[in-house]
Amino acid sequence: MLKEAYASFFSMVKEALGYLGEVESRAELHEKTYRLFRGKYEVASQLIIEATSYAWSARKTINGEISKCVVRFDKRLFSFKETKRGNPVLSLRLSRERIGLPISQDGAYRRLRQHLKEGWKMTSIIMKQNLSFLTVLSKTMPKPTIRPVSYTHLR
């Protein structure tokens, strides 16, 4: 299912790139492609939006040729759950249903848990071409306090 989701996403990105000469904004690209992709691909509607956004944002760096991409799952498309035995699971919405992927409780997972305890928030999950996953984290940092410099001691 992950391979199918990646292939569909990649196909939508490539197809959306074909419309770039006809549109002047991401919103226009979305308007041109959304209904077409909704009927053609068996993916969650938010993945269609992500694919057109990806194509729009990549338009200047790829020169019309693209050989791979990454699939971004935002907060509407992913969640973390636990099994009855307490094992972590990544839940992803690929199409009309969700799938659950077991998470290896290795060092990377322990670091992620520590970051979450320290106030970091997961904003999205990235799936690479090789079907490995990355988490995107963010944290609101307090504004630094700037002390005024006293020049009297420099004389």
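Numbers for the structure displayed
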{"item": "Phi to ³J(HN,Hα) by Karplus 6.51 cos²θ - 1.76 cosθ + 1.60 over segment 73-90, Hz, x for Gly, Pro", "result": "9, 8, 4, 6, 10, 9, 7, 10, 10, 10, 6, 4, 8, x, 7, x, 9, 8"}
{"item": "Total charge dipole magnitude, segment 7-76, about the Cα centre, Cβ charges on Lys, Arg, Asp, Glu only, Debye to nearest 20", "result": "200 debye"}
{"item": "Dipole magnitude of the chain about its Cα centre (Cβ charges: Lys, Arg +1; Asp, Glu -1), debye to nearest 20", "result": "820 debye"}
{"item": "Accessible-area value, Phe78, 1.4 Å probe, nucleic acids and ligands omitted, Å²", "result": "10 Å²"}
{"item": "Lys/Arg +1, Asp/Glu -1 at C-beta; the chain dipole; positive extreme among Leu47, Ser104, Leu94", "result": "Ser104"}
{"item": "Helical contribution to [θ] at 222 nm, DSSP H n ≥ 4, -39,500 (n - 2.57), averaged over the chain, rounded to 500", "result": "-11500 deg cm²/dmol"}
{"item": "At most 16 other Cβ within 10 Å, DSSP loop - GluC sites (Glu not before Pro), segment 41-148", "result": "Glu42, Glu65, Glu97, Glu118"}
{"item": "Size of electric dipole in segment 96-139: Cβ of Lys, Arg +1 and of Asp, Glu -1, about Cα centre, debye, nearest 20", "result": "120 debye"}
{"item": "Label-point separation, Gln105 to Leu36 (7 Å along Cα→Cβ), nm", "result": "4.8 nm"}
{"item": "Net length gained if the chain between His115 and Ser79 were fully extended (0.36 nm per residue, minus Cα distance)", "result": "11.3 nm"}
{"item": "Helix axis angle, 45-58 relative to the chain longest principal axis, alpha carbon, degrees", "result": "70 degrees"}
{"item": "Accessible surface of segment 16-155 [probe 1.4 Å, protein heavy atoms]: carbon and sulfur percent", "result": "50 percent"}
{"item": "Å³ per residue enclosed by the Cα convex hull of the chain", "result": "202 Å³"}
{"item": "Inter-centroid distance (Cα atoms) of segment 1-70 relative to segment 104-143, Å", "result": "25 Å"}
{"item": "Pairs of lysine residues in the chain - Cα separation under 12 Å, sequence separation of 8 or more or cross-chain", "result": "6"}
{"item": "Rounded tilt (10° steps) of 26-40 against the dominant C-alpha axis of the chain", "result": "50 degrees"}
{"item": "Heavy-atom accessible area per residue - the chain, 1.4 Å, Å²", "result": "69 Å²"}
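The values are calculated or read from the model by the stated rules, or taken from the named source; none is laboratory data. From a predicted model like this one, the values you see are computed outputs, not experimental measurements. Quick reminder, even Gly has a Cβ in these numbers, built from the backbone with ideal geometry, and neighbours come from all protein chains shown. For accessibility, only protein heavy atoms count, side chains too; no ligands or nucleic acids. Shrake-Rupley method; radii C 1.70, N 1.55, O 1.52, S 1.80 Å.
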